[in-house]
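What follows is one structure encoded as structure tokens, with my remarks underneath.
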Ligand code: HEC
């Protein structure tokens, strides 16, 4: 009896040592390009599923997951933060997805349990690429993503594009959706808190179209790497084609330049026209949810811009005449860059304005055609004229 016990202990000890040696010697392939052993998959899957089930069991699902405003908000967040890994209707693949192991589920095809989805989005999943969004988003924001995920499976690419185009900016509650969110006081600001903002001299209000910001660094186009992804494989929707057709008047032939990107220039023209006619919705529809707008040395998220400077820009443009002198475009990796040079004359705030303005737009080809991911505006007084 005693001998059997000693023998058993010996076997257990040898097994533990063997497992330790196996791990320590680095035999197991941790590369994401080499699949787990079947046994490892089975073990990890069980552990993940049981853990999520147990932790999500007591979560209370809010009653208003069907609220269209909440779903809409989730759509914008999904397009900005999730589609690169989890795809979306009309999206065949992304640059990051083939290399992920485990593979993120295509959330346009599978419906997820709201409680479990909430828990996973908030806490992420260890040893997978699924981040814990709870660090940067409050519960209300996460529920809006869950609400959208309930509607996403079965959406057509056109429906998906339409809802994303209508979505409010992905971040703090804007004036348009106050009260629509559960629990009111929605105050997450991952964008405002999480991004590196270029050192910004305070911009006076109405903000400073006249400031000498000429030559300011061009909008950082690298920042889109995560949410925007490279969607070269995505079918180009009719949107781009239609704006292209309408865009010719303003582009004055520049679209024909070799190496140019006519569809992106058409979006730049459309953007300028929407600003000039003061159409907020059209302006915002052309900006990707994660777009950043830089003017007068200050970088803002789309949401901040929508709440603050957009109205000031529209008011400013009412008093002036913008003459486009040059517009050109080129591809820069997966992005199109469109630069436009104009003169701006008129009056603003009771003072005469005479500026040379330079706009650099960085666009990405997304599910809904070319979308602007970065705007960089700078202007300088016209030489020889005091504005
Ligand atoms: C960098 C890639 C990446 C991003 C970005 C990402 N996820 Fe994930 N997600 C994953 C991976 C990988 C898994 C699967 C993990 C696993 O199986 O262990 C996952 C799993 C999930 C699941 C669980 C699905 C299921 O079948 O149980 C949900 C829900 C989810 N993600 C939602 C989101 C949402 C919402 C966002 C955007 C806010 C997001 N994810 C962003 C990689 C990502």
*Kindly indicate whether any position in the stretch 156-165 is under 29 Å from residue 284 (Cα atoms), surrounded by 21 or more Cβ atoms within 10 Å (Cβ to Cβ) and near the ligand (Cβ under 8 Å from one of its atoms).*
no
*Failed item, numbered, when residue 185 is tested on (1) modelled with pLDDT of 85 or more; (2) outside any helix (DSSP H, G or I)*: (1)
*Can you tell me which residues in the stretch 98-123 are within 8 Å of the ligand (Cβ to nearest atom) and free of Cβ contacts under 8 Å to residues at least 24 places away in the same chain?*
103, 105
*Mind listing whichever residues of the stretch 16-52 are modelled with pLDDT of 95 or more and in contact with a helix residue (DSSP H, G or I) (Cβ under 7 Å, 6 or more places away or on another chain)?*
52
_If I go through the stretch 94-108 residue by residue, how many of them are farther than 25 Å from residue 168 by Cα and in a loop (DSSP other than H, G, I, E, B)?_
8
_Test: residue in the stretch 366-377 that is assigned by TED's automatic domain parsing to the domain that holds residue 259 and over 16 Å from the mean Cα position of the chain (by Cα)_ = yes
*Got a sec? Which of 32, 92 is within 27 Å of residue 291 (Cα to Cα) and surrounded by 10 or more Cβ atoms within 10 Å (Cβ to Cβ)?*
92
*List the pairs whose first member sits in the stretch 14-35 and is outside the structural domain of residue 104 (by TED's automatic domain parsing) and touching a residue at least 40 places away in the same chain (Cβ under 8 Å), whose second member is surrounded by 10 or more Cβ atoms within 10 Å (Cβ to Cβ) and part of a helix (DSSP H, G or I), and whose Cβ atoms are under 7 Å apart, counting only residues at least 6 apart or on separate chains?*
32/99
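The values are calculated or read from the model by the stated rules, or taken from the named source; none is laboratory data. If you're wondering where the values come from, they're calculated on a predicted model, not measured in any experiment. Heads up, the Cβs are rebuilt from the backbone with ideal geometry, glycines too, and the neighbour counts pull from every protein chain shown.
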